[in-house]
Amino acid sequence: MASPVPPPGAAADWTVPQHWDDLTDEDHWVWDTLFARQKTMLHDRAVREFEESVEVLHLSRPGIPNFEELNQKLGARTGWKVVAVPGLVPDDVFFEHLRNRRFPAGNFIRKASQLDYLEEPDVFHDVFGHVPLLAQPAVADFMEELGHLGEQAMAIGQLHRVARLYWYTVEFGLALESGKPRIYGAGILSSFGESHYSLESAKPHRLAFDLKRVLRTRYRTDAFQQSYFVIDRFDDALRLVRENDFASLCKELDGVPDIDPWVADTDELLAA
């Protein structure tokens, strides 16, 4: 199935200029406000590598990062670059970018009235949430691997499996650090409310990471998560996808019922 036609002003790969010089004082204020609030919240909640990478990439500088400057630092670390897009892009376009070590980031930021929630990912979610860990080689390699898995999954009609893997790792993953769960998923890292909820609320399940279980578990996009998968180390995700044959796993799971995210057996729960 062909991708939708790119919107006016976008290239064939859906990229657009960042137009950093057109950003307003309010745009930069929103970034700075979100950044300061979230960086404070994440202290001792995010994996160490996240905080280290924020400093390595100089994201602490005031204002929305200029992608050209950011890419000089990120490219020198792992060969990745951030490309501006006008919003969500088609799956095949997204995975093609990942295969080529390009991360699509929105060229817009939420309004001051939307500090706590925005349904469509903006530059704060994309850059603050995703980009720091792309400076870590294991994450950089894992994201490229997901690009190849996405291409493979579309060819065999299993895109929903890769979407679940992406969701429960890249977006909403937790990892053990000094024996305690810490955040590495961008959807949590960029969310003030879910940063607290994911680690400290008694409501969600926190499950030991199991690849087959992840590939079977549905998810919701309109609420805090009902289940989080906790991996031993956040960079173990790369090893897991390389050690398993994705097509064979999908074939094995064909016909096996999906799992609702609010359902968990007692023996699956991670000890508090």
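Restricting to region 84-100, name every residue that is crowded, with 16+ Cβ neighbours inside 10 Å and either within 15 Å of Glu144 (Cα to Cα) or in contact with an Asp or Glu (Cβ under 6 Å, 6 or more places away or on another chain) (or both).
We begin by selecting, within region 84-100, every residue crowded, with 16+ Cβ neighbours inside 10 Å; these are 84-86, 89, 91, 93-99.
Asp91, Val93, Phe94, Phe95, Glu96, His97, Leu98, Arg99 - these are the residues of region 84-100 that are crowded, with 16+ Cβ neighbours inside 10 Å and either within 15 Å of Glu144 (Cα to Cα) or in contact with an Asp or Glu (Cβ under 6 Å, 6 or more places away or on another chain) (or both).
Among Ala46, Ala36, which is within 23 Å of the chain's Cα centre (by Cα), free of Cβ contacts under 8 Å to residues at least 40 places away in the same chain and under 29 Å from Phe192 (Cβ atoms)?
Details: Ala46 fails: free of Cβ contacts under 8 Å to residues at least 40 places away in the same chain.
Step by step, each of Ala46, Ala36 is checked, and only Ala36 is within 23 Å of the chain's Cα centre (by Cα), free of Cβ contacts under 8 Å to residues at least 40 places away in the same chain and under 29 Å from Phe192 (Cβ atoms).
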Flagged in region 204-233 as within 18 Å of Tyr117 (Cβ to Cβ) and charged (D, E, K, R), in numbering order, are Arg220, Asp222
Ala202: under 28 Å from Asp44 (Cβ atoms) and not in a helix (DSSP H, G or I), yes or no?
yes
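Within region 106-123, which residues are closer than 16 Å to Asn71 by Cα and in a helix (DSSP H, G or I)? Explain how you work it out, then say what you get.
Keep residues of region 106-123 that are closer than 16 Å to Asn71 by Cα, which gives 106-107, 123.
If the condition is that a residue be closer than 16 Å to Asn71 by Cα and in a helix (DSSP H, G or I), then Val123 is the only one that fits.
Looking only at residues in region 226-266 that are of a type in the set (Gly, Ala, Ser) and not in a helix (DSSP H, G or I), which one is surrounded by the most Cβ atoms within 10 Å (Cβ to Cβ)? Quick ask: steps written out before the conclusion?
Kept after step one, since they are of a type in the set (Gly, Ala, Ser), are these residues of region 226-266: 227, 237, 247-248, 255, 264.
Next, from what is left, pick out any that are not in a helix (DSSP H, G or I): 227, 255, 264.
Values: Ser227: 23, Gly255: 6, Ala264: 18.
Among residues in region 226-266 that are of a type in the set (Gly, Ala, Ser) and not in a helix (DSSP H, G or I), the one surrounded by the most Cβ atoms within 10 Å (Cβ to Cβ) is Ser227.
Looking at this structure, is Leu88 at pLDDT below 95, within 14 Å of the chain's Cα centre (by Cα) and hydrophobic (A, V, I, L, M, F, W, C)?
yes
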State whether the residues of region 58-80 include one that is buried (at least 17 other Cβ atoms within 10 Å of the Cβ), free of Cβ contacts under 8 Å to residues at least 60 places away in the same chain and within 21 Å of Gln152 (Cβ to Cβ).
no
Candidates Leu74, Leu133, Leu98 - the one that is under 23 Å from Gln38 (Cα atoms), assigned to a helix (DSSP H, G or I) and within 15 Å of the chain's Cα centre (by Cα):
Leu133
Check on Leu146, surrounded by 21 or more Cβ atoms within 10 Å (Cβ to Cβ), within 24 Å of Ala11 (Cα to Cα), touching a Phe, Trp or Tyr at 6+ places or on another chain (Cβ under 8 Å) and not small (Gly, Ala, Ser):
yes
Taking region 37-71, which residues are of a type in the set (D, E, K, R), over 20 Å from Gly185 (Cα atoms) and part of a helix (DSSP H, G or I)?
Glu68, Glu69
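The values are calculated or read from the model by the stated rules, or taken from the named source; none is laboratory data. Treat the numbers as computed from the prediction; the structure is a model and nothing was measured. With ideal geometry, Cβ positions are generated from the backbone for all residues, glycine too; neighbour counts draw on all protein chains shown.
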